[in-house]
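Please read the structure below before turning to the comments.
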Amino acid sequence: MTQKILLLPGDGIGPEITAEAVKLLTVLRDRHGFDATWSSAPIGGAGYDAAGHPLPPATLEAAKAADAILLAAVGGPKYDSLPKELRPERGLLGIRAGLGLYSNLRPAILYPELADASSLKPDVVSGLDILIVRELTGGIYFGKRETGVETDYKVGSHVIPSARVARDTEAYSDFEIARIARTAFEAARLRGKRLCSVDKNNVLESSQLWREVVIEVSKEYPDVTLSHLLVDNAAMQLVRAPKQFDVLVTSNMFGDILSDIAAELTGSIGMLPSASLNERGQGLYEPSHGSAPDIAGLGVANPLAMLLSVAMMLRYSLGRSDLADRIQAAVKTVLAAGLRTGDIAKPGEARIGTAAMGDAVVAALGH
Ligand code: IPM
Ligand code: MG
């Protein structure tokens, strides 16, 4: 059956790296028996420009009807002064919620060819291969929000007669914790069989429930070794000795922060793809990096995270692990051949542009 892919190029460097993804998809279709069609829709700032909203209803409908979604990036300074409900990030949060994409997989892999791109010592990071599983549709990102003036607001021993107060709520149900825990245990089962759950259970009620439920779910996975870390310690351990980890599972907010740390360990956020999946296995795939407005339109952005997102999409949603392996091998080939975009080039090393990197990957796919 022909599979339907929705492309969401978004903003900044998004359209440029999407063009490279389309180049790759076309070759997979024409030469490697990949039976798929694709179409594009606007999201983020581009959604606002085209239809007055960062997630136009037609885009959400197209996303629901797709077998998989490939999103490039959203956001840019042009949209900074928009009211918060129209900001580009709302497009991203809206599609996560609208499709129920609760399960966010963020691998951080250090390619040996890029070992000195990391700010950490090569022996601390060489061979790094960890996976952060982030809960993506709950917690403080989607909890109750309030902003207003409150009377007699207590701050320690002070009572403020009239205070402007803003409140966001961290809330998790056992249902949400159990389902993301299962995603993480399943992923650990396919890798090193070690799972570390990250919480703040010495302070937060929601983290106490988190830990309890993760322990309950662990009984279904006796072959996976479970450990727990408090989030502050986890952040420290990620920088001190990241190779101790296999899979980490955590809440939406902690996962947002820890996944940026993990990405930076590799020194090349331009290399990291991610997947966000729902209960039906439908997925949205996107690079871990942002829209890089400073280099947008210059043709110098690194398309590899986007091309590796295509690989993740083929593996997790489209049943073509064979093609995913092929793309990953092609990326290794071009890196081994010394091809570098600016973000992964050493000072003085030759740099190629976005399209040349896309061409090189396609050429390295083989027949
Ligand atoms: C991410 C981003 C988003 C998030 C922003 C753009 C809303 O930082 O995907 O990690 O916080 O989830
Ligand atoms: Mg983030």
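The values are calculated or read from the model by the stated rules, or taken from the named source; none is laboratory data. Everything numeric here is computed off the predicted structure, so don't read it as measured data. Cβ: placed from backbone, ideal geometry, glycine included. Neighbour counts: every protein chain shown. The protein model used for the area step is the full one, side chains on, heavy atoms only, and it has no ligands, DNA or RNA in it. Shrake-Rupley method; radii C 1.70, N 1.55, O 1.52, S 1.80 Å.
Residue-by-condition table, conditions (1) under 22 Å from Gly281 (Cα atoms); (2) open to solvent by less than 40 Å² (accessible area, probe 1.4 Å):
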{"residue": "Thr169", "(1), (2)": "no, no"}
{"residue": "Arg179", "(1), (2)": "yes, no"}
{"residue": "Ala187", "(1), (2)": "yes, yes"}
{"residue": "Leu195", "(1), (2)": "yes, yes"}
{"residue": "Val203", "(1), (2)": "no, no"}
{"residue": "Leu209", "(1), (2)": "no, no"}
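How many residues are of a type in the set (S, T, N, Q) and crowded, with 23+ Cβ neighbours inside 10 Å if we restrict to region 234-258?
First, the residues of region 234-258 that are of a type in the set (S, T, N, Q): 237, 244, 250-252.
The next check asks that each one be crowded, with 23+ Cβ neighbours inside 10 Å; those that pass are 250-252.
Summing the residues that are of a type in the set (S, T, N, Q) and crowded, with 23+ Cβ neighbours inside 10 Å in region 234-258 gives 3.
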**Request:** Mind listing whichever residues of region 138-157 are farther than 19 Å from Lys84 by Cβ and either under 28 Å from the mean Cα position of the chain (by Cα) or within 16 Å of ligand 2 (Cβ to nearest atom) (or both)?
**Result:** Gly138
**Request:** Filter region 168-206 for residues that are out of contact with any helix residue (DSSP H, G or I) (no Cβ under 8 Å at 6 or more places or on another chain), among the basic types (Lys, Arg) and assigned to a helix (DSSP H, G or I) and give the result.
**Result:** Arg179, Arg189
**Message:** Please go through (1) at pLDDT 95 or above; (2) away from ligand 1 (no atom under 12 Å from the Cβ) for Leu110 and return the number of the only condition it doesn't satisfy.
**Reply:** (1)
**Message:** For region 118-155, give me each residue that is farther than 16 Å from Leu258 by Cβ and either crowded, with 20+ Cβ neighbours inside 10 Å or among the β-branched types (Val, Ile, Thr) (or both).
**Reply:** Val124, Thr137, Gly138, Thr147, Val149, Thr151, Val155
**Message:** Any residue that is open to solvent by 30 Å² or more (accessible area, probe 1.4 Å), of a type in the set (Lys, Arg) and within 16 Å of ligand 2 (Cβ to nearest atom) - is there at least one of those in region 29-38?
**Reply:** no
**Prompt:** What is the number of the single condition among (1) modelled with pLDDT of 95 or more; (2) over 18 Å from Tyr111 (Cβ atoms); (3) in a helix (DSSP H, G or I); (4) within 16 Å of ligand 1 (Cβ to nearest atom) that Met312 does not meet?
**Reply:** (2)
**Request:** Considering only region 216-262, state which residues are closer than 21 Å to Thr137 by Cβ and either among the polar types (S, T, N, Q) or within 12 Å of ligand 1 (Cβ to nearest atom) (or both).
**Result:** Thr250, Ser251, Asn252, Met253, Phe254, Gly255, Asp256, Ile257, Leu258, Ser259, Asp260, Ala262
**Prompt:** Does region 269-297 hold any residues that are surrounded by 18 or more Cβ atoms within 10 Å (Cβ to Cβ), more than 15 Å from ligand 1 (Cβ to nearest atom) and polar (S, T, N, Q), and which are they?
**Reply:** Gln282
**Request:** Read through the list (1) touching a helix residue (DSSP H, G or I) at 6+ places or on another chain (Cβ under 7 Å); (2) surrounded by fewer than 16 Cβ atoms within 10 Å (Cβ to Cβ); (3) not polar (S, T, N, Q), then give the number of the only condition that Arg320 fails.
**Result:** (2)
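Just checking, which of Leu93, Leu71, Leu60, Leu99 is touching a residue at least 12 places away in the same chain (Cβ under 8 Å), of a type outside the set (D, E, K, R), closer than 27 Å to Arg320 by Cα and within 11 Å of ligand 1 (Cβ to nearest atom)? First the steps, then the outcome.
On the way: Leu93 fails: closer than 27 Å to Arg320 by Cα; Leu60 fails: within 11 Å of ligand 1 (Cβ to nearest atom); Leu99 fails: within 11 Å of ligand 1 (Cβ to nearest atom).
Just a single option satisfies the conditions, and that option is Leu71.
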**Request:** Please find, within region 230-277, the residue that is nearest to Lys193 (Cα to Cα) out of those that are part of a strand (DSSP E or B), away from ligand 2 (no atom under 16 Å from the Cβ) and under 18 Å from the mean Cα position of the chain (by Cα).
**Result:** Val247
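Based on this model, can you work out whether Asp174 counts as away from ligand 1 (no atom under 16 Å from the Cβ) and within 18 Å of the chain's Cα centre (by Cα)? Let's see the steps before the verdict.
Details: away from ligand 1 (no atom under 16 Å from the Cβ): yes; within 18 Å of the chain's Cα centre (by Cα): no.
In short, no.
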**Complete:** Checked region 87-117 for anything open to solvent by 30 Å² or more (accessible area, probe 1.4 Å), closer than 17 Å to Met312 by Cα and within 16 Å of ligand 2 (Cβ to nearest atom); matches are Arg106
**Message:** Let me spell it out: the conditions are (1) modelled with pLDDT of 95 or more; (2) over 23 Å from Glu186 (Cα atoms); (3) in contact with a helix residue (DSSP H, G or I) (Cβ under 9 Å, 6 or more places away or on another chain); (4) part of a loop (DSSP other than H, G, I, E, B), and Leu60 meets all of them except one. Which number is the exception?
**Reply:** (4)
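Would you say Val165 is farther than 27 Å from Ser276 by Cα and assigned to a strand (DSSP E or B)? Don't jump to the end; show me each part of the working.
Working: farther than 27 Å from Ser276 by Cα: yes; assigned to a strand (DSSP E or B): yes.
Answer is yes for this residue.
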**Message:** Can you tell me which residue is nearest to the chain's Cα centre (by Cα) among those in region 17-41 that are within 23 Å of Leu277 (Cβ to Cβ) and in a loop (DSSP other than H, G, I, E, B)?
**Reply:** Ala41
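Give me the residue from region 14-27 that is hydrophobic (A, V, I, L, M, F, W, C) and touching a helix residue (DSSP H, G or I) at 6+ places or on another chain (Cβ under 6 Å) and, out of that set, nearest to Ala292 (Cα to Cα). I'd like the intermediate steps shown before the answer.
Within region 14-27, the subset hydrophobic (A, V, I, L, M, F, W, C) is 17, 19, 21-22, 24-25, 27.
Among the residues that remain, those that are also touching a helix residue (DSSP H, G or I) at 6+ places or on another chain (Cβ under 6 Å) are: 17, 21, 24, 27.
Numbers: Ile17: 11, Ala21: 17, Leu24: 22, Val27: 27 Å.
Among residues in region 14-27 that are hydrophobic (A, V, I, L, M, F, W, C) and touching a helix residue (DSSP H, G or I) at 6+ places or on another chain (Cβ under 6 Å), the one nearest to Ala292 (Cα to Cα) is Ile17.
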